[in-house]
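Chemist: One structure, as structure tokens, below. Some questions next.
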There are 2 protein chains.
Amino acid sequence: MSAPTTANSSPSPLRADPRHERRALDGSLPTDRGHSAGPRDGESAGAGEDGGLRIGKVAARAGVSTRTLRYYEELGLLEPSGRTAGGERRYQTQDLAQLERIIELKDLLGMNLEAIRELLTSRARLDELRVAYKSHEDAPATTGDTVRRAILEEALALQGSLIERMDSKLARLAAYRAEIRASAEHCAALLQQLE
Amino acid sequence: MSAPTTANSSPSPLRADPRHERRALDGSLPTDRGHSAGPRDGESAGAGEDGGLRIGKVAARAGVSTRTLRYYEELGLLEPSGRTAGGERRYQTQDLAQLERIIELKDLLGMNLEAIRELLTSRARLDELRVAYKSHEDAPATTGDTVRRAILEEALALQGSLIERMDSKLARLAAYRAEIRASAEHCAALLQQLE
DNA sequence: TCAAACCTTCCCGTTAACGTTAATATTTTG
DNA sequence: CAAAATATTAACGTTAACGGGAAGGTTTGA
């Protein structure tokens with residue numbers, strides 16, 4: 001039911017990983033997908049070579065409908081990194097990751113899409129902060145420290161509230177589980193007596 | 001499609017008599033039964049002394065609307081233990097507990113009301129099973145054991161599936177938390193460096 | 001090359017879970 | 001006991017989160 005291809009090697013969001021060179025939500029991917037003389041098809045038909053995945057493929061992989069993806073885009077939750085000249089959406093790896101997050105937040109925390117959008121906006125903000133942090137890394141300490149501190153503190157606050165939220169849910173879930181568990185053990189004990 | 005004439009006074013045939021006292025599950029609301037000399041109003045309004053709580057009070061305590069309570073009743077999720085001669089709903093302690101469960105299941109597990117109804121039906125079934133179990137407690141072991149065993153096994157299966165469900169959710173939630181947590185700690189470390 | 005498959009943007013429909021209002025009855029309280 | 005508060009049923013309205021189809025353009029595989 002879940003995506004089998006769990007390339008779950010997602011690094012910590014705030015980790016300074018230079019490989020992740022994604023700018024802001026500009027989405028200005030070069031629509032020029034020239035046929036360079038290369039391997040013309042990796043292995044899957046639905047996926048463009050380097051242009052990204054088509055919507056149908058993404059939907060199938062994530063177990064949602066194409067309508068859902070377009071809806072998420074309409075709400076500002078998930079924007080494909082690019083489009084073809086003809087206007088087709090092309091999703092890339094980070095878009096898939098984003099979709100995963102959306103689905104997780106929806107299923108796990110039961111958040112509605114608007115709340116998720118806000119949260120993801122915060123998350124995007126964190127990415128921005130990270131970039132900003134890096135860009136101030138070599139600034140003179142006099143002004144740079146102030147900026148860096150502010151950035152980190154904002155990030156910490158964001159994450160703190162998220163964690164708080166999750167902890168609350170975790171605790172309540174655990175309590176509920178314990179309740180059921182106790183009753184189950186009682187049953188089990190009774191069954192034991194019959195042996 | 002759905003007939004508007006919802007038989008509101010249809011006692012669930014499968015429902016055990018709800019008058020017996022529940023013993024697990026607190027369901028303990030501040031039973032301010034003490035009307036000693038002092039601030040006399042306390043909560044005189046809304047709560048009948050022994051007839052149970054009126055719908056408005058129950059709704060307020062649970063943080064839902066009266067409409068919601070009636071809706072839950074319409075769906076067969078929550079039926080007040082009694083009614084007044086005039087037809088007003090009167091909720092008792094076990095009804096409040098039931099409402100709590102509904103809300104928990106909705107919020108925590110993100111279940112829809114239909115699924116909750118099924119689950120609660122199962123739970124009611126468990127209560128029945130317990131009653132049946134007790135009533136067979138002094139039956140001759142030849143036939144009694146068979147019945148008891150079947151009862152307990154059904155109960156165990158029900159609880160097992162519930163726990164499984166919760167565990168899955170717990171694990172995923174914990175994983176998600178860890179992810180956020182790691183990034184937060186990275187932030188904290190960076191902040192530390194600035195000191 | 002060319003049909004099949006897939007995509008695009010509207011736009012209306014659906015379902016769950018209530019909200020809201022209306023017209024009326026009941027309960028509480030001064 | 002009468003007013004005020006709260007309740008009842010019934011009916012229609014709303015919102016979120018999509019589903020589904022039409023009319024037409026784009027990509028793709030043979």
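The values are calculated or read from the model by the stated rules, or taken from the named source; none is laboratory data. If you're wondering where the values come from, they're calculated on a predicted model, not measured in any experiment. No Cβ is skipped: glycine too gets one built from the backbone with ideal geometry, and neighbour counts run over all protein chains shown.
Chemist: Among what's in the range A:142-152 and is at the interface with another protein chain (Cβ under 7 Å from one of its Cβ atoms) and modelled with pLDDT under 80, pick the residue that is surrounded by the most Cβ atoms within 10 Å (Cβ to Cβ).
Modeler: The residue in question is A:Arg148.
Chemist: A further question on this structure: Within the range B:171-195, how many residues turn out to be hydrophobic (A, V, I, L, M, F, W, C) and crowded, with 17+ Cβ neighbours inside 10 Å?
Modeler: Counting residues in the range B:171-195 that are hydrophobic (A, V, I, L, M, F, W, C) and crowded, with 17+ Cβ neighbours inside 10 Å gives 5.
Chemist: Which one of these is more than 7 Å from chain A (Cβ to nearest Cβ) and modelled with pLDDT under 85: B:Ala189, B:Ala139, B:Ala155, B:Ala175? Write out each step before concluding.
Modeler: On the way: B:Ala189 fails: modelled with pLDDT under 85; B:Ala155 fails: more than 7 Å from chain A (Cβ to nearest Cβ); B:Ala175 fails: modelled with pLDDT under 85.
Matching residue, one of B:Ala189, B:Ala139, B:Ala155, B:Ala175: B:Ala139.
Chemist: Looking only at residues that are near DNA strand D (Cβ under 8 Å from one of its atoms) and closer than 16 Å to A:Leu113 by Cα in the range A:71-97, which one is surrounded by the most Cβ atoms within 10 Å (Cβ to Cβ)?
Modeler: Looking at residues that are near DNA strand D (Cβ under 8 Å from one of its atoms) and closer than 16 Å to A:Leu113 by Cα, I get A:Tyr72.
Chemist: Please work out which one of (1) over 15 Å from the mean Cα position of the chain (by Cα); (2) free of Cβ contacts under 8 Å to residues at least 40 places away in the same chain; (3) near DNA strand C (Cβ under 9 Å from one of its atoms) is the condition A:Gly110 fails and give its number.
Modeler: The failed condition is (3).
Chemist: Only one of (1) more than 12 Å from DNA strand C (Cβ to nearest atom); (2) farther than 30 Å from A:Glu104 by Cβ fails for B:Arg90. Which number is that?
Modeler: (1)
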